[in-house]
Amino acid sequence: MGTALFILMMKTPSTQLNPNSEPLNNACNTPFAPSLDTVQQVDIREREFRAASLRKSERWTLRTPTKKDIIKRLEKISHKDALRMKQCCSLFKHLTCGQHTLRSYPTFRCKKLFCPDCVAERANRLSRQTEAKIAEAMQTNKGRLCLLTLTMKNAATLDGGLSNLKKAFTQFKRKKVFKERIKGYFGGFEYTFNPKTNDFHVHLHLIVLRGKFWNQSDISDAWRDVTGDSFIVDIREIKDAGKGVKEVCKYVVKSNDLMKMPDDKFLEVVKMKKGTRMFISGGCFYNVKLDEDAADADDNIFSQFADLTEGDACPFCNERLFDVLVDRSQHIGLHELNAMPNVVKNNSS
Ligand SMILES: [Zn+2]
Ligand SMILES: [Zn+2]
């Protein structure tokens with residue numbers, strides 16, 4: 001239905017499209033009535049809009065080098081996973097008038113917990129989804145928001161470390177003292193890798209609504225009770241719930257740590273069971289959940305443009321909007337990665 005889809009190869013991260021390219025001129029030749037806004041208002045909004053676009057492309061550029069390294073490493077282990085991650089965020093759909101890009105979102109995401117692009121999007125989506133729910137829970141439940149970190153002794157395997165931590169937390173939350181002090185909690189698991197000792201350090205970051213004061217050494221004692229040997233905990237008050245959410249879900253594993261792992265540990269991370277629950281919630285924050293299937297939170301530069309679609313007028317210049325596909329792989333250097341090698345089958349038979 002008159003869909004104008006073009007593939008443009010872009011050399012710069014700019015969200016602006018080249019106004020001289022022919023297809024754009026052809027697609028934008030429908031005249032429109034002057035804008036509803038006054039000239040001045042449009043000017044201010046446009047400047048804000050451009051600043052936001054720039055900040056956004058900067059974010060992408062920052063994540064790219066580590067992503068490239070991870071893909072290179074992944075290619076040696078899993079052909080399929082490397083290909084998925086290479087495709088992730090390499091092709092973007094833009095809603096544009098030819099001059100202003102109002103929306104841009106990747107056509108495909110790998111959703112891997114070690115993909116810098118996908119984990120960042122996950123944290124953004126989570127903080128957007130949960131803000132209202134947290135505020136609602138705090139209206140009926142009085143208390144202080146705190147960041148509670150529970151850690152375990154280093155573990156040789158990731159699976160083992162995570163399941164021990166999960167078991168310990170299940171016991172911990174059933175404790176009378178926990179129920180008395182903590183009205184609600186939510187948060188995520190995270191792990192780091194120590195190359196010197198060659199083991200994983202798994203921990204749990206929680207945002208909790210604390211009723212009665214609970215000091216660190218008492219928490220530590222209670223935590224040692226359920227773990228037997230681990231007692232390092234931390235609790236601190238936080239002011240900004242939104243910031244806190246982003247903080248606890250910023251990453252599951254840091255890319256740096258991933259690159260330090262020897263092949264066998266790296267493989268363990270890659271092969272970690274799909275659907276391993278990395279986010280938990282309970283108590284009055286039971287509703288604070290991560291909707292895995294929700295729309296991409298990273299796609300809109302400004303959320304007020306979320307309803308615009310192809311054929312609508314651009315709020316800045318009133319030109320007709322259309323969708324284009326933009327190949328970002330060249331800009332982010334993914335095209336430099338070798339063409340995928342043929343899979344070498346093991347002759348086990
Ligand atoms: Zn990804
Ligand atoms: Zn425009």
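The table that follows gives values for the structure above.
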{"read-out": "Tensor-based shape of the stretch 85-184 (alpha-carbon gyration tensor, a/c under 1.5 rounded, otherwise prolate or oblate)", "value": "oblate"}
{"read-out": "Residue-by-residue Karplus 3J(HN,Hα) for the stretch 126-132, coefficients 6.51, -1.76, 1.60, Hz, glycine and proline x", "value": "4, 5, 5, 5, 9, 3, 5"}
{"read-out": "For the stretch 208-224, Karplus couplings with θ = phi - 60° (6.51, -1.76, 1.60), whole Hz, Gly/Pro x", "value": "10, 9, 9, x, 5, 4, 9, 8, 4, 6, 5, 4, 4, 4, 5, 5, 5"}
{"read-out": "Rel. contact order, % - alpha carbon contacts under 8 angstrom, at least six apart, the stretch 83-138", "value": "26 percent"}
{"read-out": "Theoretical gain in end-to-end length, T197 to K166 [0.36 nm per residue, Cα-Cα removed]", "value": "8.9 nm"}
{"read-out": "Amide N proximity, the stretch 108-126 versus Q87 label position 7 Å along Cα-to-Cβ, cut-off under 19 Å", "value": "108-119"}
{"read-out": "The stretch 203-289: C-alpha gyration tensor shape, a/c 1.5 cut-off, then a/b vs b/c", "value": "prolate"}
{"read-out": "Rg/Rg_ref, the stretch 140-253, where Rg_ref = 2.2 N^0.38 Å and atoms are Cα", "value": "1.06"}
{"read-out": "Which listed pairs, of K175/K260; K86/K265; K142/K246; K133/K265; K86/K239, have C-alpha distances above 28 Å, in listed order", "value": "K175/K260; K133/K265; K86/K239"}
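None of the figures in this text is laboratory data; all of them are computed from the coordinates on show. What you see is a predicted model; the values in this text were computed from it and never measured. Every residue, glycine as well, gets a Cβ built from its backbone with ideal geometry; the counts of neighbours run over all protein chains shown.
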